[in-house]
Structure formats: structure tokens, C-alpha cells
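J.: Have a look at this one.
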Amino acid sequence: MRTETSSLLTAAWRGFRLTCPSCGQARLFRAYLKPIDVCPNCTADYSGIRADDGPAWLTVLSLGPFLVPLAFLIAVSGWPALITYPALAGMIIGAVLLLLPRMKGVVIGALFVSRGKA
Ligand SMILES: [Zn+2]
């Protein structure tokens, strides 16, 4: 059953906020990257939606333009590599871990809306 999901952008934004793309109230994930099967609030069914490689692709695509110049600037800055490279690696890992479930929510939201229009 679908509720008032108004648009692709609304569903994607709700997914980015890790909430149900349909109602925006319930949590979308029951674990770090495991989406719920059915929303307990609006009964939207997410069991058939598979995000596959989309979230990883979106994560790399959105972080790359920021991280590549940052890595370049750190490399040419002359700062000690023993400190800067582990710090940069930690920042990259942290950013990926923070962004990956949000991108999965975006993909699930987009697939949820497009599934209803097919
Ligand atoms: Zn819902």
C-alpha cells in the first residue's frame, strides 16, 4: 500500500534521512545496511527492492570530487606523511561509512517511486 509519496525527490530525501520513502516517519533500516521489509507506519513494501551496486556507486561519485583534491593538497603540502595519510584514510573511511546507508536510502526511495509508475 502506498501513501502520499509525492515525488522522486521527496522519496529520495526521505531515504537520505534514513526514513521510509513513503511516509518519512519510520526508520528505513533495521541494521546498518539492511532495509526493513514492510514499513510499520504506512505498510509500504520494500521486500522486492534491491539496491545492488547503486549505493556504492553513488557514494564514490559524491565523495570523489571532494576527496581527490583533498588528497592532492595533503600530498603537496609537505606535511608528514606518517600522520596525514592515516588521518586521510580515517576521514575517507568515516565519510564512506556515514554516506553509504544514506545513498542506499536514496536508491531505495528512487526505486520505490519508480516501481509504482512502471
Ligand atoms: Zn512508511
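Every number in this text was worked out from the coordinates using simple rules, so none of it is lab data. Keep in mind that this is a model prediction, so the values were computed, not measured. Because the Cβ atoms are built from the backbone with ideal geometry, glycine has one as well, and the counts that use them run over all protein chains shown.
J.: Spot the failing condition for PRO80; the list is (1) without any contact (Cβ under 8 Å) to a residue 12 or more places away in the chain; (2) touching a helix residue (DSSP H, G or I) at 6+ places or on another chain (Cβ under 6 Å), and only one is missed.
T.: Single failed check for PRO80: (2).
J.: Let me ask something else. Can you tell me which residue is farthest from LEU82 (Cα to Cα) among those in segment 42-66 that are surrounded by 15 or more Cβ atoms within 10 Å (Cβ to Cβ) and within 16 Å of the ligand (Cβ to nearest atom)?
T.: Out of the qualifying residues, it is CYS42.
J.: Continuing with the same structure: Identify the residue in segment 67-118 that is β-branched (Val, Ile, Thr) and over 22 Å from TYR32 (Cα atoms) and, among all such residues, is surrounded by the most Cβ atoms within 10 Å (Cβ to Cβ).
T.: So the residue we want is VAL113.
J.: Another question about this same structure. I'd like the residue in segment 23-39 that is of a type in the set (D, E, K, R) and assigned to a loop (DSSP other than H, G, I, E, B) and, out of all such residues, is farthest from the ligand (Cβ to nearest atom).
T.: My answer is LYS34.
J.: Still on this model: For segment 24-35, enumerate the residues that are crowded, with 18+ Cβ neighbours inside 10 Å and either aliphatic (A, V, I, L, M) or without any contact (Cβ under 8 Å) to a residue 40 or more places away in the chain (or both).
T.: Scanning segment 24-35 gives GLY24, LEU28.
J.: Checking the conditions here, which among PHE16, PHE72 is without any contact (Cβ under 8 Å) to a residue 12 or more places away in the chain and not polar (S, T, N, Q)?
T.: Criteria check complete, one pass: PHE72.
J.: Going by the conditions given, is GLY109 small (Gly, Ala, Ser), touching a Pro at 6+ places or on another chain (Cβ under 6 Å) and not in a loop (DSSP other than H, G, I, E, B)?
T.: Judged against the criteria, GLY109 is a match.
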